[in-house]
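S.K.: What follows is a single structure, and I will ask about it in a moment.
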Amino acid sequence: MTHWLSARHTVTLLNVFTRSRYAPYSDAAFVHENDELSYVSAMRLREDELFLRRMKESLPKGLKNNLQMLDLNLKDAPIRLRVPLDQLCDMPVNPSDPSIEKIRKALTRQSELDAMEAVVVPAALGNQIDHLAVREAAMPFVVSLPAAFYEDLPYAATHPSAAADLDSLRDATTLLDEPLRPILCQTDESAAGAITRKRKLVLNYASQIDEEAGNVIANFATRYDSAERLWANAQWIAAFTP
């Protein structure tokens with residue numbers, strides 16, 4: 001995102017499954033059960049707002065409004081689908097999941113407003129069910145717009161199926177006549193500086209991520225000399241590759 005914002009693009013983050021009880025590194029366990037959903041959801045919203053502020057800190061004043069967040073306020077899988085936490089990566093996406101249509105409507109609205117010239121979608125490495133739902137919702141736009149898939153973390157670094165999941169995604173998009181190529185997005189920071197900044201940003205989500213997970217997420221980029229690897233379709237390559 002820093003790369004795109006510095007290039008004067010507008011970035012809108014579609015914040016999807018924000019109604020949640022998942023905050024294992026917070027004091028939510030001491031909240032009454034009836035208040036837990038609203039308490040955790042509000043806590044996570046504050047973390048999102050802090051992330052936005054810190055992302056904007058290094059931007060010139062004229063570019064700060066180029067980063068926006070749109071909250072869909074949807075329930076995450078443990079609430080929406082009654083999936084136990086330890087099974088979130090063990091079930092296929094259900095095409096009739098109502099959240100898919102809601103996400104797709106939000107994307108369609110952005111398109112109708114001419115606010116979506118390209119789309120970046122989770123690759124759903126690790127098969128986390130909410131990530132799969134977002135990817136499923138976005139697929140019609142992958143074939144009509146410049147599109148890229150990001151490698152979900154920490155799953156890309158830790159989940160045993162991550163490499164096979166990436167192969168499956170590449171096979172599926174090739175069948176759609178949208179073969180994917182890897183691209184690297186690099187900022188002007190030093191490698192060490194970029195990784196340190198990434199660690200600081202992800203650890204903003206202190207209710208969800210501990211120090212160990214923050215290090216795994218930040219250090220994943222060392223394999224790309226601190227860059228972020230995306231898997232882009234031909235339209236993206238044509239539009240954004242020098």
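S.K.: Between E49 and L13, what length comes free when the chain is fully extended (0.36 nm per residue of separation minus the Cα-Cα distance, one decimal in nm)?
M.R.: Additional length available on full extension: 11.8 nm.
S.K.: With N denoting the number of residues in the range 101-157, provide Rg(C-alpha) divided by 2.2 N^0.38 Å, to two decimal places.
M.R.: Working: Rg = 11.6 Å, N = 57, 2.2 N^0.38 = 10.2 Å.
My calculation over the Cα atoms of the range 101-157 gives 1.14.
S.K.: Given the -39500 (n - 2.57) contribution per DSSP H run of 4+ residues, what per-residue ellipticity at 222 nm results for the chain, rounded to the nearest 500 deg cm²/dmol?
M.R.: On the way: 10 runs with 109 residues, N = 242.
Computed ellipticity for the chain at 222 nm equals -13500 deg cm²/dmol.
S.K.: Using alpha-carbon positions, what is the distance between the centroids of the range 114-175 and the range 180-237, in Å?
M.R.: Cα centroid to Cα centroid, the span is 16 Å.
S.K.: Placing one identical point scatterer on every Cα of the range 1-145 and ignoring solvent, what is log10 I(q)/I(0) from the Debye formula at q = 0.11, 0.12, 0.17, 0.20 Å⁻¹?
M.R.: With one equal scatterer per Cα and no solvent, log10 I(q)/I(0) is -0.49, -0.58, -1.09, -1.32.
S.K.: Based on alpha-carbon positions alone, could you give the equivalent ellipsoid semi-axes of the range 139-225 from the gyration tensor, as √(5λ), descending, whole Å? Walk me through the numbers before you get to the answer.
M.R.: Working: eigenvalues 150, 51, 30 Å².
The answer is 27, 16, 12 Å, longest axis first.
S.K.: Hey, got a sec? Which trypsin sites (Lys or Arg not before Pro) in the range 62-93 land in a DSSP loop and have at most 14 other Cβ atoms within 10 Å? Spell out each step's value before the answer.
M.R.: Numbers: sites: K64, K75, R80, R82; in loops: R82.
The qualifying sites are R82.
S.K.: Compute log10 of I(q)/I(0) for the range 146-195 with the Debye formula, placing one identical point scatterer on every Cα and leaving out solvent, at q = 0.25 Å⁻¹, to two decimals.
M.R.: -1.02
S.K.: Same structure again: Ranked highest first by average number of other Cβ atoms within 10 Å, how do 54-60, 12-18 line up? Don't skip to the answer; put the middle values down first.
M.R.: Working: 54-60: 13.7, 12-18: 18.1.
Packing proxy ranking, top to bottom: 12-18, 54-60.
S.K.: If eta is 0.890 mPa s and T is 25 °C, what Stokes-Einstein diffusion coefficient results for the chain, Kirkwood Rh from Cα pairs, in µm²/s?
M.R.: 130 µm²/s
S.K.: Ranking request for peptides 149-159, 117-127: highest mean number of other beta-carbon atoms within 10 Å first, then the rest in descending order. Can you show the working numbers first?
M.R.: Numbers: 149-159: 19.4, 117-127: 20.9.
Highest mean packing first, the order is 117-127, 149-159.
S.K.: Between their Cα atoms, which of K75/K105; K61/K200; K56/K102; K102/K198; K75/K198 are more than 24 Å away from each other?
M.R.: Result: K56/K102; K102/K198; K75/K198 exceed 24 Å.
S.K.: I need the phi-derived Karplus couplings for the range 110-120: 6.51 cos²θ - 1.76 cosθ + 1.60, θ = phi - 60°, integer Hz, Gly and Pro marked x.
M.R.: 4, 5, 5, 7, 6, 10, 9, 8, 7, 9, 10
Every number here is computed from the coordinates shown, using simple stated rules; none is lab data. The model shown is predicted, which means the values in this text are computed figures rather than measured ones. In this analysis, Cβ positions are derived from the backbone assuming ideal geometry, glycine residues included, and neighbour counts consider all displayed protein chains.
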